[in-house]
Amino acid sequence: MNELASLRAAVAWTGILSGVALALQTIELLQLRRAWSDDGIWRWALLAPEHRQLLPPLRWLLACLLPERPFAALLGLRLLAAVGLAVGAGRGVAPFLLVTQVAIGVRFRGTFNGGSDTFGVILLAGLSLAELLPASATAQKAALLYIGVQLTLSYFVAGVTKLQYAEWRSGRALSSFVRDGHYGAPGWLVRALDGEKRTRVLSWCVLGFECGFPLAWSGPGACVPLAALGLCFHLGAWLLFGLNRFVFAWAAAYPALFWCSQLVR
Amino acid sequence: MSEIWSRSLALFRCLVPAWRFFEQIEPVPSLHYRVAPRGDDWGDWRNALTAPARTPSSLLLNAAGNLHLAQQSLVEHLVSEVEVAAELGRAQDELVSYRLVCALIGQCVRAALPASPSLRYQFRLAESGGATLFSSRVHGSE
């Protein structure tokens, strides 16, 4: 495959996988309408006063988009756009999806699902750049580099930060999270990870994977196994903490990383 | 003024990557509520948030699980905002996070008991050891 075709394929696959991730997230939010309806937890009447300090045009825009009915319509359009992106038929939808991604964050006072919302912004910022300048190979490369760098930082910063804490190096942090009933980890998994030695070994596997992730840039030979490990890592986080959105959001960035890994050759 | 700015900026925090997941062991507060159907006849404290069971299909669609995580995050915000409000001498029950948690408890109460004009409820945040971090005022079933 020549260089340009490889570039186009990486952008296309990033778009397809991002579309799948965003479509699933949007269906979840539509399923949760009761929670953000006018008599739900995140009801507009309780949230709007917090926007008083924003600039008037921004406050007006949020007041148009975020009450229950327009927000439901926005999610409906977002679902269509995400499906369009997933099937490769949604040329030009990434900037719209980026706006909806930020709107959802504001609707839930910052984020609905923490890091996965932020990662959605990163994917869509990169894809927006690629879509807004479709004829520019430089723009496509910048988009993939941005996504690849942020993906790598997401693991590396998290790993280096954890490494500084004795609780992570000893395995006590992981043990504590596994046993914490707030996350609803399945009983079989809690029992399987019961024991100081096991959690210490698993803890060092996590630290090694996260801190060693920049090696993926050394070439496809390292990138592919590290991406496979990354998928296992996110499946584990889903089992332990219920973070299903992270699986799809991070997997959507792997084609960009694969393209980046070929730069070093 | 800086508090107002930080709150306004926090609304847009999904724009700023911060890759620090689960780095420290911080006790996750529990949210409990109790109900008095009539007068001061208070029932026991009940757990307001229970994590739904993980199923294979929740890998694809996990609405209930993600709602649970968002509610837990809301509780953690309330803990930090209550601390700031106490330092600044502000009324805690005017905090947005207090009102959102109140709406959450209102849903729990409505699901557990039939509506009644005399029904009252209260919630509290507790450490994993059971010690109370914060108690709400008593609310009617309005």
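Tell me the Rg and the Dmax, in Å, that the Cα atoms of region A:163-265 produce.
When restricted to the Cα atoms of region A:163-265, Rg and Dmax are 15.2, 47 Å.
Under 5 Å between amide hydrogens, which residues at least 5 positions from residue B:35 or on another chain qualify, with H placed 1.01 Å from N in the peptide plane?
HN-HN under 5 Å from residue B:35: B:43.
Roughly how large, in nm² to one decimal, is the mean projection of the convex hull of the alpha-carbon atoms in region A:102-243? Each step should come with its number before you reach the end.
On the way: hull surface 41.1 nm².
That works out to 10.3 nm².
In Å², rounded to the nearest 100, what is the total accessible surface buried by chains B and A against each other with a 1.4 Å probe?
On the way: alone 10200 and 13650 Å², together 18630 Å².
The B and A chains share an interface burying roughly 5200 Å².
Can you list which of the DSSP-assigned H helices in chain A have a Cα extent of 27 Å or more along the long axis and an average Kyte-Doolittle score of at least 0.0?
Span-like helices, by this rule, are A:3-31, A:137-163, A:220-241.
Might you tell me the accessible area per residue for chain A, computed with a 1.4 Å probe and given in Å²? Provide the component values of the computation, followed by the final result.
On the way: 11170 Å² over 265 residues.
Accessible area per residue, chain A: 42 Å².
State the Cα centre-to-centre distance between region A:203-241 and region A:78-98 in whole Å.
If we compute the Cα centre of each part, the gap is 28 Å.
Could you work out [θ]222 nm for the protein assembly as shown from helices alone, using -39500 (n - 2.57) per DSSP H run of at least four and dividing by all its residues? Round to the nearest 500 deg cm²/dmol. All intermediate terms of the calculation are to be shown ahead of the outcome.
Working: 18 runs with 251 residues, N = 407.
Result for the protein assembly as shown, helices only: -20000 deg cm²/dmol.
What translational diffusion coefficient, to the nearest whole µm²/s, does chain B have by Stokes-Einstein, given a Kirkwood radius computed over alpha-carbon pairs, a temperature of 10 °C and 1.306 mPa s viscosity?
On the way: Rh = 17.0 Å.
D = 93 µm²/s.
Given a Förster distance of 25 angstrom, what is the FRET efficiency for residue A:38 paired with residue B:91, based on the Cβ-Cβ distance and rounded to 0.05?
Working: r = 25 Å, r/R0 = 0.99.
It comes out at approximately 0.50.
Test of understanding: given chain B, find the longest segment containing no trypsin sites (Lys or Arg not before Pro) that are in a DSSP loop and have at most 11 other Cβ atoms within 10 Å. Can you show the working numbers first?
Numbers: sites that count: B:38, B:137.
Here the longest segment lacking exposed loop sites spans B:39-136.
Calculate, for chain B, the solvent-accessible area per residue in square angstrom, rolling a 1.4 angstrom probe over the heavy atoms of the protein chains. Numbers along the way, then the final one.
Values: 7460 Å² over 142 residues.
Result: 53 Å² of accessible area for each residue.
Restricting attention to region A:34-125, which trypsin sites (Lys or Arg not before Pro) occupy a DSSP loop and are surrounded by at most 14 other Cβ atoms within 10 Å? Let's see the in-between values first.
On the way: sites: A:34, A:43, A:52, A:59, A:78, A:91, A:107, A:109; in loops: A:43, A:52, A:91, A:109.
Those satisfying the criteria are A:52, A:91.
Using only the Cα atoms of region A:11-71, what semi-axes does the equivalent ellipsoid have when each is the square root of 5 times a gyration tensor eigenvalue? Give whole Å, largest first. Mind showing how you got there, number by number?
Numbers: eigenvalues 151, 61, 12 Å².
One finds semi-axes of 28, 17, 8 Å for region A:11-71.
Would you mind checking the radius of gyration and Dmax of the protein assembly as shown based on alpha-carbon positions, in Å?
Taking only Cα atoms of the protein assembly as shown, I get Rg and Dmax of 22.4, 78 Å.
Please work out how much length the chain gains when fully extended from residue A:48 to residue A:4, using 0.36 nm per residue of separation minus the C-alpha to C-alpha distance, in nm with one decimal. Present the calculation step by step, with values, prior to reporting the outcome.
On the way: separation 44, 0.36 × 44 = 15.84 nm, distance 4.74 nm.
Result for the pair: 11.1 nm of gain on full extension.
In a GNM of chain A with a 10 Å cut-off on Cα contacts, which of A:53, A:164, A:101 has the highest mean-square fluctuation?
A:53
Ignoring any ligand, DNA or RNA, what whole percent of the accessible area of the protein assembly as shown comes from carbon and sulfur when the probe is 1.4 angstrom?
On the way: 11740 of 18630 Å².
Taking all protein chains in place, the protein assembly as shown shows 63 percent carbon and sulfur surface.
The values are calculated or read from the model by the stated rules, or taken from the named source; none is laboratory data. No experiment lies behind these values; they were computed from the predicted model shown. All Cβ positions, glycine included, derive from the backbone under ideal geometry; neighbour counts span all protein chains shown. Quick note on the areas: whole protein, heavy atoms, side chains included, nothing else; ligands and nucleic acids left out. Shrake-Rupley method; radii C 1.70, N 1.55, O 1.52, S 1.80 Å.
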